[in-house]
There are 2 protein chains.
Amino acid sequence: MKIGELAKRSGLSAHTIRYYERIGLLPVADRDAGGRRDYDADILVWIAFLHRLKTTGMPIRDMRRYADLRAKGDHTAPARQQLLRAHRENVRAHIADLQAALLVLDTKIDTYVAAEKRTQNHDDRDARNPAGARTARLGRD
Amino acid sequence: MKIGELAKRSGLSAHTIRYYERIGLLPVADRDAGGRRDYDADILVWIAFLHRLKTTGMPIRDMRRYADLRAKGDHTAPARQQLLRAHRENVRAHIADLQAALLVLDTKIDTYVAAEKRTQNHDDRDARNPAGARTARLGRD
DNA sequence: CCTTGACTTAGAGCATGCTCGAACCCCTAG
DNA sequence: CTAGGGGTTCGAGCATGCTCTAAGTCAAGG
């Protein structure tokens, strides 16, 4: 498979694929007779895994470390495992953080909904004071 | 409160506080007699909220939009609510993504653990073939 | 044979979000 | 009154992760 097809299949651009090779995330590709990169289909599995790591916030330097270990052979398995364990903990912590934020957002949205209702009632019964003090809290945050 | 103290209390650096003011995330601060920024304590609440938005992945341009709406007064409340709803959905989606990734990581880590055990047994019973084919899969990803 | 289009390289440029340096000002305590 | 430790502005610089340009090579179809 040439770089253009790999780009289509992996979702990366050809530019990005070359970039990833340059920085050591992808193995140096084999070349065909004309000197073009020629990929084996299983590179897609590795790219998908890299994508997972990326979307879960692993910086490229850590992905490189993992890739380097992988390239060094089986005896680096414990180190790779350790890397993944550390990353898993980061992801866990991140999820916890996001869940806490979700509560805050929900509360805040509820506040807006409640204020909306108050304004509604207010307008219904007292249209002469549409910017009344009872809704002034909305401007605070 | 002067900028140095706000920096300590908010966790932002004074540099960052000025930067946030410049780009419109923080309101233009009042000045004291000597022309220095003088803050009211409740700016901390706003900064904490910004921090939430930031750690949940909202780009600065969206935070600015929210800040701008806030500055325009109560009638922008529906727009702000809408912004937060959209953000909440992003956060939800992000959480789902991370949870899926967590499963992948757990599976992968388990694979390493299992391979380790196999190597262990193998070494115990057949120390002449420590790099045997049964663990070669480890180099694949 | 010649055009077309995908490929090659090195290196510049961009978007985001800070982070820092330089040069200067001003208040307070010793 | 003078040194120190804030503060001020403007603008450059940095880290990350791409993204694109320029100039050129190469293979295949009309």
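The values are calculated or read from the model by the stated rules, or taken from the named source; none is laboratory data. Since this is a predicted model, take the numbers as computed values, not measurements. Ideal geometry is used to build each Cβ from the backbone, glycine not excepted, and the neighbour counts take in all protein chains shown. With ligands, DNA and RNA removed, areas are computed over all heavy atoms of the protein, side chains included. Shrake-Rupley method; radii C 1.70, N 1.55, O 1.52, S 1.80 Å.
Taking the Cα centre of chain B as the origin and placing charges on Cβ (Lys, Arg +1; Asp, Glu -1), which of B:94, B:6, B:71 is farthest toward the positive end of the dipole? Farthest along the dipole direction, towards plus: B:71. Just to be sure I follow: if Rg is taken over the C-alpha atoms of the stretch A:3-104 and Rh is the Kirkwood radius over the same atoms, what is Rg/Rh? We get a ratio of 1.06 for the stretch A:3-104.
Per residue, how much accessible surface does the protein assembly as shown expose to a 1.4 Å probe? Answer in Å², no decimals.
Values: 16900 Å² over 282 residues.
It amounts to 60 Å² per residue over the protein assembly as shown.
Panel note: contact residues of the stretch B:75-96 (accessible area lowered by at least 50 Å² against the chain on its own; 1.4 Å probe) correspond to B:81, B:84, B:88, B:95. Two tests apply to each whole DSSP H helix in chain A, Cα reach of 15 Å or more along its axis and mean Kyte-Doolittle hydropathy of at least 0.5, and the ones passing both are A:43-55. Rolled with a 1.4 Å probe across the full set of protein chains, the surface gives residue B:72 an accessible area near 130 Å².
Can you check what the net charge comes to around residue B:90, using other residues whose Cβ is under 12 Å from the Cβ of residue B:90 (Lys, Arg +1; Asp, Glu -1)? Surrounding charge for residue B:90 is 0. Residue B:48 label point (Cα plus 7 Å toward Cβ) to equivalent points in the other copies: 4.4 nm, shortest first. Taking the label point 7 Å along Cα→Cβ, residue B:11 and its counterparts in the other copies are spaced 3.1 nm apart, in ascending order. Within the accessible area of the protein assembly as shown, the carbon and sulfur atoms contribute 51%, probe 1.4 Å, all protein chains present.
Over the protein assembly as shown, the pair-distance histogram of Cα-Cα distances with 10 Å bins from zero comes to 5, 20, 21, 20, 15, 11, 6, 2, 0, 0 percent, rounded to whole numbers.
Could you report the buried accessible area between B and A, both sides summed, computed with a 1.4 Å probe and given in Å² to the nearest 100?
On the way: alone 10410 and 10440 Å², together 16900 Å².
So the buried area, both faces added, is about 3900 Å².
The charge dipole of the protein assembly as shown, taken about its Cα centre with unit charges on the Cβ of Lys, Arg, Asp and Glu (plus for the first two, minus for the last two), comes to roughly 420 debye.
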